[in-house]
Amino acid sequence: MPKIKTKRAAAKRFKMTGTGRLKRAKAYKSHILTKKTTKRKRNLRKAAMTDSTNVKNMKKILPYL
């Protein structure tokens with residue numbers, strides 16, 4: 001059985017937590033920040049968990065995470 005290649009773009013964006021869940025950064029934090037409230041920008045800094053519906057696909061593209 002050959003080794004499976006990791007999708008490098010996904011490897012840079014997702015990390016595994018200690019309990020085995022996938023951690024991700026939130027979107028909408030890169031530009032056009034002047035119209036967004038301070039509270040909204042502050043909440044975008046926090047990490048989020050990947051939705052359970054996507055986990056199966058994420059495990060496939062990140063086999064060694």
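The values are calculated or read from the model by the stated rules, or taken from the named source; none is laboratory data. Everything numeric here is computed off the predicted structure, so don't read it as measured data. Ideal geometry is used to build each Cβ from the backbone, glycine not excepted, and the neighbour counts take in all protein chains shown. In case anyone asks, the SASA skips ligands and DNA or RNA and just uses the protein heavy atoms, side chains included. Shrake-Rupley method; radii C 1.70, N 1.55, O 1.52, S 1.80 Å.
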Discussion item. Being open to solvent by 80 Å² or more (accessible area, probe 1.4 Å) and not aliphatic (A, V, I, L, M) is the filter here; which residues of the range 52-65 pass it?
Written reply: SER52, THR53, LYS56, ASN57, LYS59, LYS60, TYR64
Response to the item:
The residue that is nearest to the chain's Cα centre (by Cα), considering only those in the range 1-52 that are assigned to a strand (DSSP E or B) and of a type outside the set (A, V, I, L, M, F, W, C), is ARG24
Discussion item. Need the failing condition index for ALA10 against (1) open to solvent by less than 80 Å² (accessible area, probe 1.4 Å); (2) of a type outside the set (Ser, Thr, Tyr); (3) free of Cβ contacts under 8 Å to residues at least 24 places away in the same chain, just the number.
Written reply: (3)
Worksheet entry | Within the range 28-42, considering residues that are closer than 23 Å to THR17 by Cβ and touching a residue at least 12 places away in the same chain (Cβ under 8 Å), the one most open to solvent (accessible area, probe 1.4 Å) | TYR28
